[in-house]
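Below you'll find the structure, written out as structure tokens, and then a few comments.
Computed from the coordinates by the stated procedures, all read-outs in this text should not be read as laboratory data. Treat the numbers as computed from the prediction; the structure is a model and nothing was measured. Positions of Cβ are generated from backbone atoms using ideal geometry, with glycine treated the same way; all protein chains shown enter the neighbour counts.
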Amino acid sequence: MREKVVITGASSGIGEALAREYARRGATLALMARRTERLEALAREFDVPVTIYTADVRDRAALFEAATDFVAHFGPPDIVIANAGVSAGNLTQLADDIETCEWIFDVNVLGMVRTFQGFLPSMLAARHGTLVGIASVAGIRGLPGAGAYTASKSATITYLESLRVELRGSGVDVVTIAPGYIRTEMTAANPYPMPFILDADVAARRFARAIDARTSYAVIPWQMGIVAKALRVMPRWLFDRLLAKAQRKPRRSPD
């Protein structure tokens, strides 16, 4: 039987790579993103059932409508991957950047909650399925010039942990994926070294293996897991000294 897999942010980057990986595995796909043309072009490549939904994860009504439509036609999904995310630098002293902060939190945190909310009732009724949240190693410690992004990813890690415990014994698993650097349009704008960077297709295969194993928390690649552990235990005075002069994530306006 084909797995039924839902992916948000599927028109580019990690989402597109995950769509290709699950199409290769023969899954029935629901692909969500704002860019219809890219979704349609991607769907034409696949020899598996694909339904596309033009939806912004900031639009609760659109996500609920998409979830209702998918469940009505295919039943509860086996896997829901809340992948949609945005990244930008911000500086608190700049009044214009408050819009950037709101945008980042709305997409990265609330967008994940909205994504799961539409599908979770049917999955709980079936006592089956996996919710997957794409977080980031950037959520481990606050990085200068990227307060909104790192805080949003920290929030997703904590939210997913809460949800995992909340759903324990329900039949619905929760998997947190915390990627390091993945080669995508998003990371192409980073003006600093990106150690252990992975191509998106390689990352997608590793993500899928972690999802198969119902791994509660996975840092990919594994080398960044070591970095993450070191950052967690690093004394604040040392962290502050090492990161104070680090290169900053570029600022940009919300889409």
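Shown here for the range 137-195: trypsin sites (Lys or Arg not before Pro) in loop regions (DSSP other than H, G, I, E, B) with at most 12 other Cβ atoms within 10 Å, namely R168. Estimated from helical segments only, the mean residue ellipticity of the chain at 222 nm is -14000 deg cm²/dmol, where each DSSP H run of four or more residues counts as -39500 (n - 2.57).
Taking every Cα-Cα distance in the range 141-187 and sorting them into 5 Å bins starting at zero, the pair-distance distribution P(r) comes out as 5, 18, 19, 21, 16, 11, 7, 3, 0 percent. Within the range 7-50, the GluC sites (Glu not before Pro) that combine a DSSP coil assignment with at most 14 other C-beta atoms in a 10 angstrom radius are E45.
Using r as the Cβ-Cβ distance of E161 and A41, and R0 as 51 Å, what FRET efficiency do you calculate, to the nearest 0.05? Calculated transfer efficiency: 0.90.
Tell me the net charge near A88. Cut-off is 10 Å between Cβ atoms, A88 excluded, with +1 for each Lys or Arg and -1 for each Asp or Glu. Show your work: numbers first, answer last.
Working: positive: K249, R251, R252; negative: D97, D255.
Residues near A88 contribute +1 overall.
Principal axis extents of the Cα atoms in the chain, from largest to smallest and rounded to whole angstrom, are 54, 36, 30.
In whole percent, what relative contact order does the range 1-132 give with Cα contacts below 8 Å and a gap of six or more residues?
On the way: 224 pairs, mean separation 35.1, N = 132.
So the answer I get is 27 percent.
Computed extension gain for K229 through Q93, at 0.36 nm per residue and net of the alpha carbon distance, reaches 45.9 nm.
Note: relative contact order over the chain, using C-alpha pairs below 8 Å and six or more positions apart, is 20 percent.
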